[in-house]
Amino acid sequence: MEKKLKAKVLLVDDEEDFLSTLAERLETRGLTVTTAVSGELALAMVEKEGFDLIVLDLAMPGMDGLETLKHIKDRQPDAEIIILSGQGSIKTSIEAMKLGAGDFMEKPVKMSELLDKISEAKDKRFSIIVQKSVMEVEKILKSKGW
C-alpha cells in the first residue's frame, strides 16, 4: 500500500490537460495541489500563499520556467522548486540548478520518482523552517540578555 504524502504543491504548466491530470494524480496521493497555467499566474499565487514545493514547467509562452524561477527565488529564496521539461538539455538543467531549482526532471515524469522528489523537497523545506525558527529564538534570547 502506497503511503499518503502530505504537502502543499503548486503545479505550473501551460499544457492544461497535463496540468489537470498530474494535479488529480497527486491529489489522490494526499497532496494539496494548486495549479497555474502561466509564470505570471504562478508568481501571483506565490505572493498570496506558501507552498511546500513548486513544480514548474520549463517551456511556457510568455514568462518561461527559468524566468519564473528567478522571480520566485527573488521573492522567496527558500522556495523548493522542481523543473519539468519535455525538451531538457544539460545546459538548461545546469542553468536551472544555478538559479536555485532543487531538481530537474524530464517529461514524461514517473509518478514514483516525482513523489520521491516532492517528499525530499518537503523535508528540506521543513528543515530550513526549523533552522530559521531556532535562529530567531536565539536572536530574541540574546536581545533580552537571557
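The values are calculated or read from the model by the stated rules, or taken from the named source; none is laboratory data. What you are looking at is a predicted structure, and each value in this text was computed from that prediction instead of being measured. Cβ sites come from the backbone with ideal geometry, for glycine too, and all protein chains shown count toward neighbours.
Applying the set (1) part of a helix (DSSP H, G or I); (2) loosely packed, with under 13 Cβ neighbours inside 10 Å; (3) under 11 Å from the mean Cα position of the chain (by Cα) to GLY50 leaves exactly one unmet item: (1). The residues listed here are SER85, SER38, SER143, SER119; of these, the one that is polar (S, T, N, Q) and farther than 18 Å from LEU22 by Cβ is SER143. Considering ALA59, ALA42, the condition of being part of a helix (DSSP H, G or I) and crowded, with 17+ Cβ neighbours inside 10 Å is satisfied by ALA42 alone. With the structure loaded, tell me whether SER89 is closer than 20 Å to ASP14 by Cα, modelled with pLDDT under 90 and surrounded by 16 or more Cβ atoms within 10 Å (Cβ to Cβ) or whether it fails that test. In short, no. Of the residues making up region 104-146, those that are of a type in the set (Lys, Arg), part of a helix (DSSP H, G or I) and touching a strand residue (DSSP E or B) at 6+ places or on another chain (Cβ under 8 Å) are LYS117, LYS122, ARG125. Note on region 64-103: residues that are touching a residue at least 40 places away in the same chain (Cβ under 8 Å) and either among the hydroxyl-bearing types (Ser, Thr, Tyr) or in a helix (DSSP H, G or I) (or both) total 2.
Report whether or not LEU115 is modelled with pLDDT of 90 or more, of a type outside the set (Gly, Ala, Ser) and touching a Lys or Arg at 6+ places or on another chain (Cβ under 6 Å).
On the way: modelled with pLDDT of 90 or more: yes; of a type outside the set (Gly, Ala, Ser): yes; touching a Lys or Arg at 6+ places or on another chain (Cβ under 6 Å): no.
No; evaluated as a whole, the condition is false for this residue.
With the structure loaded, tell me whether VAL46 is touching a Lys or Arg at 6+ places or on another chain (Cβ under 7 Å) and free of Cβ contacts under 8 Å to residues at least 40 places away in the same chain or whether it fails that test. Quick ask: steps written out before the conclusion?
Numbers: touching a Lys or Arg at 6+ places or on another chain (Cβ under 7 Å): yes; free of Cβ contacts under 8 Å to residues at least 40 places away in the same chain: yes.
Against the criterion (touching a Lys or Arg at 6+ places or on another chain (Cβ under 7 Å) and free of Cβ contacts under 8 Å to residues at least 40 places away in the same chain), VAL46 qualifies.
Against the criterion of being within 20 Å of SER112 (Cα to Cα), touching a residue at least 12 places away in the same chain (Cβ under 8 Å) and outside any helix (DSSP H, G or I), GLY30 qualifies.
Looking at region 28-52, which of its residues are of a type in the set (Asp, Glu) and at pLDDT below 95?
Restricting attention to region 28-52, the residues satisfying the condition of being of a type in the set (Asp, Glu) are 40, 47, 49, 52.
Correct list: GLU47, GLU49, ASP52.
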